[in-house]
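Have a look at the structure below before the remarks.
The values are calculated or read from the model by the stated rules, or taken from the named source; none is laboratory data. Since we're looking at a predicted model, the values are computed, not measured. For neighbour counting, all protein chains shown are included, and Cβ atoms are generated from backbone atoms with ideal geometry for every residue, glycine included. What goes into the accessible areas is simple: the full protein's heavy atoms, side chains included, and nothing from ligands, DNA or RNA. Shrake-Rupley method; radii C 1.70, N 1.55, O 1.52, S 1.80 Å.
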Amino acid sequence: MSRCLPVLLLLALACLARFGSAQPVDSQAELKRVQAGLEELKAERRAMTERLDAAERELKRVKETPKVAFAASLGSNGLVKTTAGNKDLVYRDVLTNVGGAYNAETGVFTAPVRGVYYIRFTANGPTNFPLSAVLYKNNAEIQLIAHEQPSGEGSDTASNGAALLLEAGDRLALQLWHNTQIWDNSNHHSTFSGFLLFPM
């Protein structure tokens, strides 16, 4: 109570100074000041509501954006070689397939939405024969190539990767070029992977 007493005294003195003075109170001007303050508060509330609505729309967009990430390897298939034309590579040993956009039966990744995707692949094989892995889009357009010429004893690894703008429904798959080979085992030397960076 003793703490409140000085505050109450100051409030009483302020009221006396205002209403007890000889100068009349301009109620019209006071009303305008109150109205102006109210308008400012309304404008601030509208701005806050707009920001909140924008944040909710962005959150909804993020929640509705599909989560896409996959990684697969040729696995324990051993050596894959072709001397009679190109050969489809099917990466059956799936490590990750968030969103289910990669098909382990066909080796095809299908973009679920238009966006920028990061795609990467590696190719391993003995160095006694040319090594390759070629990334095709929609079975027609070459996107990236990993290729190595024979280099003697041992094995070699080639890799490639890039950010690609894909339309919804675009298909990516790897092929082995004519007269080349690729090798893998359960340690996942030859892989195909990618993820959605952002939708467009």
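Could you name the lysines in cross-link range of Lys42, using Cα to Cα under 26 Å and dropping any fewer than eight places away on the same chain?
List returned: Lys32.
Tell me the per residue accessible area of the chain using a 1.4 Å probe; a whole number in Å² is fine.
Using a 1.4 Å probe on heavy atoms only, each residue of the chain averages 63 Å².
Rg to Rh for the stretch 84-136: what is it, with Cα atoms only and Rh by Kirkwood?
Ratio value, two decimals: 1.00.
Can you tell me the Rg and the Dmax, both Å, for the Cα atoms in the stretch 85-200?
Using the Cα atoms of the stretch 85-200, the pair Rg, Dmax is 14.2, 47 Å.
Choose one answer from Gly115, Gly152, Gly169: the residue with the largest mean-square fluctuation in a GNM of the chain with alpha-carbon springs under 10 Å.
Highest fluctuation among the options: Gly152.
For the chain, which whole percent of the accessible surface, found with a 1.4 angstrom probe, sits on carbon and sulfur atoms?
57 percent
Roughly what angle does helix 4-19 make with the longest principal axis of the chain, taking Cα atoms, 0 to 90 degrees, to the nearest 10?
60 degrees
Between Asn97 and Ala47, what is the FRET efficiency for a Förster distance of 41 Å, r being their Cβ-Cβ separation, to the nearest 0.05?
Once rounded, the FRET efficiency stands at 0.40.
Can you check what the Kirkwood hydrodynamic radius comes to for the chain, Cα pairs only, in Å to one decimal? Show your work: numbers first, answer last.
Working: mean 1/r = 0.0453 Å⁻¹.
Across the chain, the inverse of the average 1/r is 22.1 Å.
Can you give the angle from 0 to 90° between the axis of helix 27-64 and the longest principal axis of the chain, with both taken from C-alpha atoms, to the nearest 10?
Approximately 10 degrees, to the nearest 10.
How long is the gain from Ser186 to Asp88 if the chain were fully straight, where each residue apart is worth 0.36 nm and the alpha carbon distance is subtracted?
33.3 nm
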